[in-house]
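**Q** Starting off with a structure, shown below.
Derivation of every value follows stated rules applied to the coordinates shown; laboratory data play no part. All values derive from a computational prediction rather than experimental measurement. Positions of Cβ are backbone-derived with ideal geometry, glycine not excepted, and every protein chain shown enters the neighbour counts.
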Amino acid sequence: MSKKRTGDPWMPAPRYARTLKGLTVNLLVRDIAAALPFHRQVLGATLIYSDPDIAVLRGTDAEWMLHADHTYDAHPLHAALVKATTRGLGAELRLHGRDPDEAEKQARRLGFDVIEASADKAHGLREVFLRDADGYVWVPDVPLAP
């Protein structure tokens, strides 16, 4: 695995790995710095740690990671990854508790793709469908009042 980080990370990888529980999401992105505005401003996530190789973010009650493509250069998926024109198709990454109207406003302000505008849905959520710079589809949502 190629690394661009210089110096030590905020905690050793094995120690961080032991903190992970349940289901986690790790998104492969072309460039960490370029990916962060969507996650921080559109999704309202708090940046826990970032370097050119990895970022750890937290929003509402969720935590997720971004890994730069170059960190997968020895992985069997790398060849397909660097050829991909679209990522994340067929998966929705839902961030429960993020105001969809605010997320949509920030996405439009920053020039991200709004796939479907904020709307109240029959299944009891107000949600918006957004595409980040790497093609992942995010759906921030909040429950509708009963």
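**Q** For the condition touching a strand residue (DSSP E or B) at 6+ places or on another chain (Cβ under 9 Å), without any contact (Cβ under 8 Å) to a residue 40 or more places away in the chain and farther than 30 Å from residue 121 by Cα, what is the one hit in 79, 13?
**A** On inspection, the qualifying residue turns out to be 13.
**Q** Given (1) free of Cβ contacts under 8 Å to residues at least 40 places away in the same chain; (2) over 21 Å from residue 129 (Cβ atoms); (3) not in a strand (DSSP E or B), where does residue 74 come up short, assuming only one miss?
**A** (1)
**Q** Quick check on my filter: what residues within region 22-48 are over 17 Å from residue 109 (Cβ atoms) and among the polar types (S, T, N, Q)?
**A** Listed by number, the residues that qualify are 24, 26, 46.
**Q** Six or more apart or on different chains, Cβ atoms under 7 Å: show the pairs whose first residue is in region 123-146 and in a loop (DSSP other than H, G, I, E, B) and whose second is of a type in the set (Asp, Glu).
**A** 144/120
**Q** Taking the condition in contact with a helix residue (DSSP H, G or I) (Cβ under 7 Å, 6 or more places away or on another chain), crowded, with 17+ Cβ neighbours inside 10 Å and part of a helix (DSSP H, G or I), does residue 107 pass? Step through it out loud before you land on a result.
**A** Numbers: in contact with a helix residue (DSSP H, G or I) (Cβ under 7 Å, 6 or more places away or on another chain): yes; crowded, with 17+ Cβ neighbours inside 10 Å: yes; part of a helix (DSSP H, G or I): yes.
Spelling it out, residue 107 is indeed in contact with a helix residue (DSSP H, G or I) (Cβ under 7 Å, 6 or more places away or on another chain), crowded, with 17+ Cβ neighbours inside 10 Å and part of a helix (DSSP H, G or I).
**Q** Picking from 102, 92, 127, which residue would you name as being surrounded by fewer than 20 Cβ atoms within 10 Å (Cβ to Cβ) and within 23 Å of residue 26 (Cα to Cα)? Spell out the reasoning first.
**A** On the way: 102 fails: within 23 Å of residue 26 (Cα to Cα); 127 fails: surrounded by fewer than 20 Cβ atoms within 10 Å (Cβ to Cβ).
Result: 92 is the single residue among 102, 92, 127 that is surrounded by fewer than 20 Cβ atoms within 10 Å (Cβ to Cβ) and within 23 Å of residue 26 (Cα to Cα).
**Q** If I go through region 15-58 residue by residue, how many of them are surrounded by fewer than 17 Cβ atoms within 10 Å (Cβ to Cβ), touching a helix residue (DSSP H, G or I) at 6+ places or on another chain (Cβ under 9 Å) and in a loop (DSSP other than H, G, I, E, B)?
**A** 3
**Q** Could you please find all residues in region 110-122 being in contact with an Asp or Glu (Cβ under 9 Å, 6 or more places away or on another chain) and assigned to a loop (DSSP other than H, G, I, E, B)?
**A** Filtering region 110-122 down to residues in contact with an Asp or Glu (Cβ under 9 Å, 6 or more places away or on another chain) leaves 112-114, 116-121.
Within region 110-122, 112, 121 meet the criteria.
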